[in-house]
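Data first, discussion second: the structure below is written as structure tokens.
We did not get these values from a lab; they are worked out from the coordinates using the rules stated. A quick note: this is a predicted structure, and the numbers were derived from the prediction, not measured. Positions of Cβ are backbone-derived with ideal geometry, glycine not excepted, and every protein chain shown enters the neighbour counts.
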Amino acid sequence: MLQFPQIDPVAISLGPLQIHWYALTYIAGFAAAWFLGMKRADTENFGWTRTQVSDLITNAAIGVILGGRIGYVLFYNAGSLLENPFSLFYIWQGGMSFHGGLLGVGVALWLFARSTGKSVFRVMDFTAPLAPLGLAFGRLGNFINGELWGRAAEVPWAMVFPADNLQIARHPSQLYQFALEGLSLFFILWLYSARPRPAFAVTGAFCLGYGVFRTFIEFFREPDAHLGFVAFDWMTKGQQLSIPMIIGGVIILLMAYRKDSFGKTPAAR
């Protein structure tokens with residue numbers, strides 16, 4: 001069993017002002033997406049300007065934050081919204097949902113595409129490979145916070161999380177998500193998009209890849225205490241939301257590879 005590292009969740013404290021590591025991981029994720037987007041705009045003939053990339057990342061960041069918060073309340077804590085609608089704005093209490101953030105980013109990218117006259121499929125394909133590193137940083141933030149831990153385990157790398165009332169050894173599932181949803185998905189999409197693909201294929205690969213990784217990891221992650229298993233005595237809320245992504249990703253890829261279904265998109269290195 002490994003010892004959980006004692007990391008102060010507060011990275012910087014300046015009097016009453018406290019900056020948490022979790023906030024810094026979000027900033028690092030957006031910075032990584034901006035850097036990769038600039039690299040692609042500079043080195044490939046996509047027809048993107050640096051200003052457009054900056055606007056894209058800004059819009060996506062707003063979509064992540066608003067969608068992630070709204071999605072968490074609707075998907076995981078709808079009861080609190082019915083009791084107190086203002087709880088939607090209680091961001092200091094924590095609670096963000098990837099699937100809600102994904103929907104928020106989708107809306108943001110659609111609005112960006114409309115405002116710039118770009119194909120929404122091209123915008124999504126440009127953005128998809130930029131996202132996984134942000135997911136990786138976010139999972140590191142979860143690990144530092146000692147939250148969203150895994151199920152009971154006897155593996156050598158299991159650890160006891162300080163906030164766990166049961167104080168039992170668990171899978172560090174945040175690190176599993178960091179490795180699969182974050183790093184692995186990033187390299188897969190980066191390599192896959194390095195050659196010309198049909199329009200919307202990179203987006204389909206993102207949906208399929210994330211859905212598969214998240215569904216798998218949920219077997220090691222402790223279900224949300226207030227929800228438990230939501231179906232069949234084994235399905236978690238995360239799996240319930242991710243399985244449709246797998247189905248959608250397969251459908252998108254099949255349609256993308258049908259001739260002229262969505263048009264063409266250039267290589268994305």
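Determine the dipole magnitude for the chain: charges of +1 sit on the beta-carbon of Lys and Arg, -1 on that of Asp and Glu, nothing else is charged, the reference point is the Cα centre, and the result goes in debye to the nearest 20. I would put it at about 1100 debye. Only beta bridges with both residues in the chain are counted; by DSSP, about 90 percent of them are antiparallel.
Annotation: amide H of H20 within the under-5 Å range of A11, sequence separation 5 or more or interchain, hydrogens built in the peptide plane. Amide H contacts of R221: R151, each under 5 Å away and 5 or more positions distant or on a separate chain (H built 1.01 Å from N in the peptide plane; Pro and chain starts excluded).
Taking the centroid of alpha carbons for each part, region 125-167 and region 15-45 are 19 Å apart.
For the chain, just say rounded, prolate or oblate: build the C-alpha gyration tensor, square-root its eigenvalues into a ≥ b ≥ c, call rounded for a/c under 1.5, and beyond that prolate if a/b exceeds b/c, oblate if not. Since a/c reaches 1.5 and a/b is larger than b/c, the shape of the chain is classed as prolate.
Between amide H atoms placed 1.01 Å from N, distances below 5 Å from M235 occur with V230, all of them 5 or more places distant or on a separate chain.
Residue by residue, region 220-236 carries 3J(HN,Hα) couplings of 10, 9, 5, x, 4, 4, 7, 10, x, 7, 9, 6, 6, 6, 8, 7, 8 Hz when phi is fed to the Karplus relation 6.51 cos²θ - 1.76 cosθ + 1.60 (θ = phi - 60°); x denotes Gly or Pro.
Two tests apply to each whole DSSP H helix in the chain, Cα reach of 15 Å or more along its axis and mean Kyte-Doolittle hydropathy of at least -0.5, and the ones passing both are 21-43, 50-76, 98-116, 131-145, 201-217, 237-256. Shape class for region 50-136, computed from the alpha carbon gyration tensor (a ≥ b ≥ c): prolate, with a/c not under 1.5 and a/b above b/c. Of the chymotrypsin sites (Phe, Trp or Tyr not before Pro) found in region 152-182, those in coil by DSSP whose Cβ has at most 16 other Cβ atoms within 10 Å are W157. Once the GluC sites (Glu not before Pro) in DSSP loops with at most 16 neighbouring Cβ atoms within 10 Å are cut out of the chain, the longest remaining piece is 155-269.
The label-point distance for Q3 and M235, in a model that sets each label 7 Å from Cα toward Cβ, rounds to 4.3 nm. Pull out a ≥ b ≥ c, the square roots of the eigenvalues of the alpha-carbon gyration tensor of region 82-213, then state rounded if a/c is under 1.5, prolate if not and a/b is larger than b/c, and oblate in the remaining case. Judged from the Cα gyration tensor, region 82-213 comes out oblate (a/c at least 1.5, b/c at or above a/b). Residues R139, R258, R151, R221, ranked from the fewest to the most other C-beta atoms within 10 Å, line up as R258, R151, R221, R139. Placing +1 on each Lys and Arg Cβ and -1 on each Asp and Glu Cβ, with no other charges, gives region 146-239 a dipole about its Cα centre of roughly 440 debye. In this rough spin-label picture, where each label sits 7 Å from Cα along the Cβ direction, the S13-A31 distance is 2.3 nm. Sorted fewest first by neighbouring Cβ atoms within 10 angstrom, M1, M124 come out as M1, M124.
Among Y210, Y72, which comes first, second and so on when ranked by fewest other beta-carbon atoms within 10 Å?
Y72, Y210
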